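Heads up: the structure comes next, in structure tokens.
Bear in mind that the values in this text are calculations on the coordinates, not laboratory data. Please read these numbers as outputs of a predicted model, since none were measured by experiment. Here the Cβ is made from the backbone with ideal geometry for all residues, glycine too, and neighbour counts use every protein chain on show.
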Amino acid sequence: MTQTTVTPSAGVALTLRNLSKRFGDQTVLQALDLDIRAGEFVAVVGRSGCGKSTLLRLIAGLESASTGDVRADGSPLDTGHFDTRLMFQDARLLPWKSVLQNVGLGLSGAWQDKARAVLAEVGLAEHAHKWPSQLSGGQRQRVALARALIHEPQLLLLDEPLGALDALTRIEMQQLIERLWQQHRFTVLLVTHDVEEAVALGDRVLLIEEGRVGLDLPVPLPRSRVRGSAGFAALEERVLSRVLALPDREAIPEPEPVALGALRWAL
Amino acid sequence: MASAISTLAVPVWRRSAPWIVPALLVLLWQWAATHGVLTSRILPAPLAVLEAGSRLWQSGELWAHLKISFWRAAIGFGIGGGIGLLLGLITGMSRRGELLLDTTVQMIRNVPPLALIPLVILWFGIDEAAKLFLVAFGTLFPVYINTYHGIRSVDKDLVEMARSYGLRGWPLFRDVILPGALPSILVGVRFALGFAWILLIVAETISASSGIGYLAMNAREFLQTDVVVLAILLYALLGKLSDYGARQLERVWLRWHPAYQ
């Protein structure tokens with residue numbers, strides 16, 4: 001079932017120096033410095049709007065930095081010497097192409113056999129000829145994962161790919177991603193709002209606060225990690241308490257207390 | 001046994017139900033004609049219309065008129081729809097194209113095609129070109145607007161994803177933009193086909209020496225109401241047929257769409 005015909009590819013090391021991003025007069029990322037080792041699994045957490053998704057999109061080349069640069073193995077990103085793949089929160093499959101064709105998107109030559117092999121790796125071999133609309137949300141994300149893997153990426157960027165899935169499917173997907181990472185050893189940057197997910201998967205948990213690295217915490221637990229263990233809970237607690245220490249930028253304002261007199265009118 | 005009958009009965013009922021009302025109307029019409037409620041000068045009996053049809057069919061006249069009308073609708077739609085598709089692709093794909101062309105197209109679109117008839121007759125006489133021009137003019141805009149709208153409403157996230165997978169230029173258009181716009185383009189095609197027949201009727205009634213519209217106008221001169229009614233029914237049939245064709249296209253090209261599964 002898990003046999004692979006995709007050759008393992010070594011990851012790429014990332015160096016971010018003085019990286020900033022502004023949208024108009026709003027600064028999303030402020031002079032970020034970051035080093036990521038080849039083959040490392042880095043989980044990035046933070047509140048909504050902290051800049052974690054922007055960080056990912058900058059590394060993916062979907063946005064351009066206002067200042068600073070991202071280097072991969074010492075050379076600038078845009079030279080394209082290595083392969084980066086991005087997985088989005090929604091699967092973004094082309095609804096008019098079959099599952100197999102979606103996996104082979106952008107490939108030429110005899111890609112079909114390889115696409116079937118990668119689909120088998122994510123456990124969807126028998127769904128190759130279905131339309132994406134016939135799959136469940138979790139299956140669609142697995143197709144998106146296969147589509148990324150077929151390119152044998154050296155860097156896999158995951159932008160909250162499991163956010164829309166139910167709890168059980170999410171744990172299955174986490175195990176799948178971990179297993180594939182252990183086989184292929186690419187570098188992973190996972191953006192998530194789920195602290196438990198970050199601690200379960202990351203070699204390091206990176207907390208982004210107001211455009212800066214607020215916390216850079218190694219996770220020394222052995223894999224695969226047991227969620228209920230004391231070490232796990234302690235780490236999760238540490239990250240959570242740090243996240244909660246800052247006021248939420250998008251917090252909904254408390255409703256004004258309603259006077260009793262006003263209520264009577266409403267009745 | 002009873003369940004076997006009911007499972008068989010459901011499709012039969014679903015197939016026949018839409019035709020009950022038309023069948024009743026035809027029966028009522030036949031009854032009114034044979035009992036003298038309707039004189040044949042106002043509305044001939046359905047059987048008389050059928051007889052006229054078979055007479056004209058046997059003489060080969062009907063087939064000749066049908067052929068020429070169908071040919072005009074097809075060529076006119078081909079020209080108008082083709083230009084509309086091309087313009088829609090240009091304005092949909094490029095901001096510069098939209099800036100340059102869209103206002104012009106929208107202005108011309110607001111001219112009713114039938115208002116052009118005097119000018120068309122002056123330009124082309126009652127030549128084939130007159131009919132083709134009117135049909136092409138009328139079918140251009142539904143295809144144009146729906147193509148433009150379809151391309152503009154292609155999911156931006158899908159385009160971003162495809163770009164991040166290295167798709168540019170023609171592959172991006174072929175694999176992402178065109179299929180994404182296709183449902184909308186096909187809506188335009190169905191509108192345009194309906195429009196093509198309306199315009200053709202008018203064009204053939206006003207200035208033609210062949211075609212179904214000519215058949216009807218000629219029959220009016222000789223008070224052949226049966227042939228007039230036959231021509232009207234033929235238009236209905238041809239309109240229905242072309243709509244059916246467009247729906248078959250939708251079923252093939254949009255088979256990925258949940259609405260067609």
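Nearest 5 is fine: what % of DSSP beta bridges in the protein assembly as shown come out antiparallel, could you say?
Taking every DSSP beta bridge within the protein assembly as shown, about 55 percent pair in antiparallel fashion.
Please name whichever of B:LEU56, B:VAL252, B:ILE75 sits farthest to the positive end of the charge dipole of the stretch B:46-260, dipole taken about the Cα centre and charges placed at Cβ: Lys and Arg +1, Asp and Glu -1.
It is B:VAL252, whose Cα lies furthest towards the positive end.
Counting only Cα, what are the radius of gyration and maximum Cα-Cα distance Dmax of the stretch B:46-260, in Å?
My reading of the Cα-based Rg and Dmax gives 20.6, 70 Å.
Within 10 Å of each Cβ in A:143-149, how many Cβ atoms from other chains are there, averaged over the peptide? All intermediate terms of the calculation are to be shown ahead of the outcome.
Working: counts 0, 1, 0, 0, 2, 2, 0.
Partner Cβ neighbours, averaged per residue: 1.
Taking chain B as a Gaussian network, Cα atoms linked when under 10 Å apart, which of B:PHE137, B:PHE191, B:PHE124 shows the biggest mean-square fluctuation?
B:PHE124
Can you give the mean number of other chain Cβ atoms that lie within 10 Å of the Cβ atoms in peptide B:11-19?
For this peptide, the per-residue mean of nearby foreign Cβ atoms is 0.
Grab the eigenvalues of the alpha-carbon gyration tensor for the protein assembly as shown, scale each by 5, take roots, and send me the semi-axes largest first in whole angstrom.
Calculated on Cα positions only, the semi-axes equal 64, 28, 25 Å.
For the charge dipole of the protein assembly as shown, defined by +1 on Lys and Arg C-beta atoms and -1 on Asp and Glu C-beta atoms about the Cα centroid, which residue among A:ILE150, B:TRP13, B:GLN261 has the Cα displaced farthest towards the positive pole?
Value: B:TRP13.
Could you run the Debye sum over the Cα atoms of the stretch B:39-168, one equal point scatterer each and no solvent, and tell me log10 of I(q)/I(0) at q = 0.19 Å⁻¹, two decimals?
-1.07
For the protein assembly as shown, what is the calculated [θ] at 222 nm in deg cm²/dmol (nearest 500), taking -39500 (n - 2.57) for each run of four or more DSSP H residues and dividing by its residue count?
Working: 19 runs with 293 residues, N = 528.
That comes out to -18500 deg cm²/dmol.
Computed over the Cα atoms of chain A, what is the ratio Rg over Rh, Rh following Kirkwood?
The Rg/Rh ratio comes out at 1.03.
Take the alpha carbon atoms of the stretch A:125-174, find their radius of gyration, then divide it by 2.2 N^0.38 Å using N residues; give the quotient. Mind showing how you got there, number by number?
Values: Rg = 11.6 Å, N = 50, 2.2 N^0.38 = 9.7 Å.
Relative to the rule-of-thumb radius for its length, the stretch A:125-174 sits at 1.19.
Please compute, for the alpha-carbon atoms of the stretch B:63-125, the extent along each of the three principal axes and give them in descending order in Å.
47, 25, 16
So, by mean Cβ neighbours within 10 angstrom, what's the order for B:128-135, B:172-179 with the highest one leading?
Descending packing order for the listed peptides: B:128-135, B:172-179.
Would you list, by chain and number, the lysines whose Cα falls below 28 Å from the Cα of B:LYS131, excluding same-chain residues fewer than 8 positions away?
Of all the lysines, those that pass the test against B:LYS131 - Cα under 28 Å, at least 8 places apart if same chain - are B:LYS67, B:LYS240.
Residue by residue, what Karplus-based ³J(HN,Hα) values in Hz, rounded to whole numbers, does the stretch B:64-74 have, using 6.51, -1.76 and 1.60 with θ = phi - 60° and x for Gly and Pro?
4, 5, 4, 4, 5, 5, 5, 4, 4, 4, 5
Mind telling me which of B:SER59, B:SER207, B:SER184 comes out most flexible in a GNM of chain B, alpha-carbon contacts under 10 Å?
Answer for the Gaussian network model of chain B: B:SER59.
Given the options A:SER98, A:VAL188, B:LEU28, identify the residue whose Cα lies farthest towards the positive end of the charge dipole of the protein assembly as shown (+1 on Cβ of Lys, Arg; -1 on Cβ of Asp, Glu).
B:LEU28
Starting from the eigenvalues of the Cα gyration tensor, five times each then square-rooted, give me the equivalent ellipsoid semi-axes of the stretch B:22-69, largest first, whole Å.
Values: eigenvalues 133, 26, 15 Å².
Ellipsoid semi-axes (Å, largest first): 26, 11, 9.
Please report, in Å, the Rg and the Dmax of the stretch A:26-136, where both are computed over Cα atoms only.
Cα only, the stretch A:26-136: 17.6, 48 Å (Rg, Dmax).
Looking only at Cα atoms, what is the convex hull volume of the stretch A:162-254 per residue, in Å³?
128
Can you work out the Karplus-derived ³J(HN,Hα) for every residue in the stretch B:103-108? Use 6.51 cos²θ - 1.76 cosθ + 1.60 with θ = phi - 60°, whole Hz, and x for glycine or proline.
Couplings: 4, 4, 4, 5, 5, 5 Hz.
For the stretch A:90-229, what's the radius of gyration and Dmax over Cα atoms, in angstrom?
16.0, 49
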